[in-house]
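Just below is one structure, and these are the notes that go with it.
Just so it is clear, none of the values below were taken in a lab; they were calculated from the coordinates. As the structure is a computational prediction, the values presented were derived from the model and not from experiment. Heads up, the Cβs are rebuilt from the backbone with ideal geometry, glycines too, and the neighbour counts pull from every protein chain shown.
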Amino acid sequence: MTGLIQVVGGAVVDRLANPAALLVARRSAPEHLAGLWEFPGGKVEPGEEPETALVRELAEELGIGVHLGSELPAETPGGWPLNERASMRVWFAEVARGEPMPLEDHDELRWVDLGDREAVLGLPWIPADYPIVHALLDSVAQGSDPVVSDALLAEAPGRTRA
């Protein structure tokens, strides 16, 4: 999967141990994605580690610091295919600092009940995110705790390793 744009997303949950709610973000831009829901996150910068990129993106987009949990296993070794040019890796995350607010690229944030599969899947997601949403719901339903693995704490604007 070399040469692909690497994107990272945060499955921000109410708690890493036995998560019950997921924070989702509604896109406000670009126009073709406006109104669709997604996992907040963004592109990995050259020379940046994916986990560091996710911590940075969540601070920029939502104004929060997070503890990262485990990565959601993807369909392919390089992540979840988004299109022919990009793939996404997703980590569970728990808010450690701040109150989530839609600061960049989003106009609404919403906590959804992970126990209500129909409600979660009923949101108009970005199409490429649907397989990720299904995998996340399956993982939570099977009782797989997204335990903290080398937890990272992000602080807006800086970040430190916990």
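Per residue of segment 132-141, in order, report the coupling 6.51 cos²θ - 1.76 cosθ + 1.60 (Karplus, θ = phi - 60°) as ³J(HN,Hα) in whole Hz, putting x for Gly and Pro.
Coupling constants for segment 132-141: 5, 4, 4, 5, 5, 4, 5, 4, 5, 5 Hz.
Relative to the present Cα-Cα distance, how much length would full extension add between A29 and W111 at 0.36 nm per residue of separation? List each step's numbers first, then the result.
Numbers: separation 82, 0.36 × 82 = 29.52 nm, distance 2.05 nm.
Net length gain for the segment: 27.5 nm.
Quick one: 3J(HN,Hα) in Hz for segment 108-119, Karplus 6.51/-1.76/1.60 with θ = phi - 60°, rounded, Gly and Pro as x.
Ordered by residue, 3J(HN,Hα) equals 7, 10, 8, 8, 10, 6, 5, x, 9, 3, 4, 5 Hz.
Over the chain, what is the relative contact order in percent, taking alpha-carbon pairs closer than 8 angstrom and at least six residues apart?
Values: 362 pairs, mean separation 51.9, N = 162.
Relative contact order, the chain: 32 percent.
Going by how many other Cβ atoms sit within 10 Å of their own, how do T52, T76 line up, fewest first?
The fewest-first ordering by Cβ neighbours comes to T76, T52.
How large is Rg over Rh for segment 5-161, taking Rg from the Cα atoms and Rh as the Kirkwood inverse mean of 1/r across Cα pairs?
On the way: Rg = 14.1 Å, Rh = 15.3 Å.
My calculation of the ratio gives 0.92.
Along segment 39-56, what does the Karplus equation 6.51 cos²θ - 1.76 cosθ + 1.60 (θ = phi - 60°) give for ³J(HN,Hα), rounded to whole Hz, x for Gly and Pro?
So the J values, rounded to whole Hz, are 7, x, x, x, 7, 7, 6, x, x, 9, 6, x, 5, 5, 4, 5, 4, 4.
Skipping prolines and chain starts, which residues have an amide H placed within reach, meaning under 5 Å, of the one on H106, given they are 5 or more residues away or on another chain?
Long-range HN contacts for H106: S28.
Quick one: which residues, 5+ away or cross-chain, put their amide H under 5 Å from the amide H of A11? H built at 1.01 Å from N.
Here W91, F92, A93 satisfy the definition.
For segment 1-131, with the dipole built from +1 on Lys and Arg beta-carbon atoms and -1 on Asp and Glu ones, taken about the Cα centre, which of L62, W91, S28 lies farthest toward the positive end?
W91
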